[in-house]
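A short worksheet on the structure shown next.
The values are calculated or read from the model by the stated rules, or taken from the named source; none is laboratory data. Everything quoted here is computed from the prediction, not taken from an experiment. Every residue, glycine as well, gets a Cβ built from its backbone with ideal geometry; the counts of neighbours run over all protein chains shown. Ligands, DNA and RNA are excluded from the accessible area calculation, which covers all protein heavy atoms including side chains. Shrake-Rupley method; radii C 1.70, N 1.55, O 1.52, S 1.80 Å.
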Amino acid sequence: MAQILDGKALAKDIKDELKVKISNWVNQGNRSPSLRCIIVGEDPASHTYVANKIQAALDVGIAADTIKYDASLSQEELLAAIDALNKDDEVDGILIQLPLPRGIDERRVCNAVAPEKDVDGFHIINIGQLSLDMPTVVPATALAVVEMLKRFKIQTFGRNAVVVGRSKNVGMPIAMMLHSDRNHDSGLGMDATVTICHRYTPREQLELFCRNADIVITATGVPKLIKADMIKPGATVIDVGITRITTEQGKTKLVGDVDYENVSKIAGAITPVPGGVGPMTVAMLMQNTFQVAQRLRQSQIEN
Ligand code: NAD
């Protein structure tokens, strides 16, 4: 049976470490880091995600608030709200919960957040810096995957990795760090040989690439996409996918992209869903918020 990479326990350790760091920082005379989460509309899953983020922030000593808007909010009104937060010296981190209602241009909104307050790392400048292996704010889910590989001591140097899913917020930044040079400035490079698969990768090719991989990271939202006969014995499997399904008994539950029951008999290490990458994403978001607060305070001192 595979080693279970317990993201929930690791996230707790990281948040405990962060709580101490933030407390020390505040004791040195700094204001507590602050986070504002904007949510537009009534999507229940988005409201749950935001509530989890706010609770995690409060737990580690970040002053966090949700700003809720009706789905009828116009793009101009949202941009104006973001602009006000950008200019507010009491606000360090700004997060816009995605997806946004139809009619609002998400790229435009992500680019409206000041890059130095962009805790999601979705601003064009932060993505550009990530692509150039420069120090930056890294999207939390991708950072969660990298942190899990590091903390669980999964070897990546020279190994074959497959990333299934190429979204700009999840698959792409994961692949970016996995293939990068660890000696570059960001310090996040993992020196793996990376293959990116997506919805137009023919099934037999997906199977072939996965079978050749030492590490399979999947982020598609397609339940049971990754089956046991696609996994090399002993490989590491990181499941980013989260899909809510209804069981035959009529109950709802969260599942990943991986046929966990069977893949866990073949893999060397595997993340569960729930309790894997999900809680680690929230922990990394808290780390990002502290990072932007420290950088902002440093630049205020220098100017
Ligand atoms: P997305 O819809 O933007 O992207 C999905 C990707 O999967 C696309 O690149 C698509 O090409 C690929 N894909 C779809 N069907 C495929 C197939 N049959 N074979 C191979 N590739 C296929 O989604 P996203 O925002 O990248 O999120 C992906 C999944 O990760 C979702 O389930 C989402 O809920 C989950 N997610 C989890 C976390 C977390 O913290 N654990 C965070 C963000 C997203």
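A few comments on the model shown:
- Between Pro272, Pro115, Pro233, the Gaussian network model of the chain with springs among Cα atoms under 10 angstrom shows the greatest mean-square fluctuation at Pro233.
- A simple charge model with +1 on the Cβ of Lys and Arg, -1 on the Cβ of Asp and Glu and nothing else charged puts the dipole of the chain at about 720 debye relative to its Cα centre.
- In the chain, the sites counted are trypsin sites (Lys or Arg not before Pro) in DSSP loop states with at most 11 other Cβ atoms within 10 Å, and the longest stretch holding none of them, exclusive of the sites, is 1-101.
- The chain - percent of accessible surface contributed by carbon and sulfur, probe 1.4 Å: 52 percent
- Whole-number percent relative contact order across region 1-62, with pairs defined as alpha carbons under 8 Å at least 6 apart: 43 percent
- The loop-placed chymotrypsin sites (Phe, Trp or Tyr not before Pro) in region 108-190, going by DSSP, that have at most 14 neighbouring Cβ atoms within 10 Å of their Cβ come out as Phe157.
- Charge dipole (region 1-55, unit charges on Cβ, about Cα centre) - positive-most of Ala11, Ser46, Ser34: Ser34
- Using all pairs of distinct alpha-carbon atoms, the Kirkwood hydrodynamic radius of region 215-262 works out to 11.3 angstrom.
- Accessible solvent surface per residue of the chain, calculated while the other protein chains remain in place, 1.4 angstrom probe, Å²: 48 Å²
- Here the dipole of region 170-303 is about 360 debye; that uses its Cα centre as origin and unit charges on the Cβ of Lys and Arg (positive) and Asp and Glu (negative).
- Between helix 277-302 and the chain: long-axis angle, C-alpha atoms, 0 to 90°, nearest 10: 40 degrees
- Here Lys117 is the anchor, and the aspartates and glutamates within straight C-alpha reach of less than 12 Å, apart from those fewer than 8 places off in the same chain, are Asp83, Asp88, Asp89, Glu90, Asp92.
- Over region 124-167, the Kirkwood radius and the radius of gyration, each from Cα atoms, give a ratio Rg/Rh of 0.99.
- Here the average projected area of the convex hull drawn through the C-alpha atoms of region 30-116 stands at 5.5 nm².
- Helix axis angle, 75-87 relative to the chain longest principal axis, alpha carbon, degrees: 70 degrees
- Compared with the dominant principal axis of the Cα atoms in the chain, helix 7-27 is inclined by about 20°.
- Evaluated at q = 0.07, 0.10, 0.11 Å⁻¹: base-10 log I(q)/I(0), Debye formula over Cα of the chain: -0.27, -0.56, -0.68
- Qualifying lysines (Cα of each under 30 Å from Cα of Lys224; at least 8 residues distant if same chain): Lys8, Lys12, Lys53, Lys150, Lys153, Lys168, Lys232, Lys251, Lys253, Lys265
- Low-density loop cleavage sites - GluC sites (Glu not before Pro) in region 55-138, where at most 15 other Cβ are within 10 Å (DSSP): Glu90
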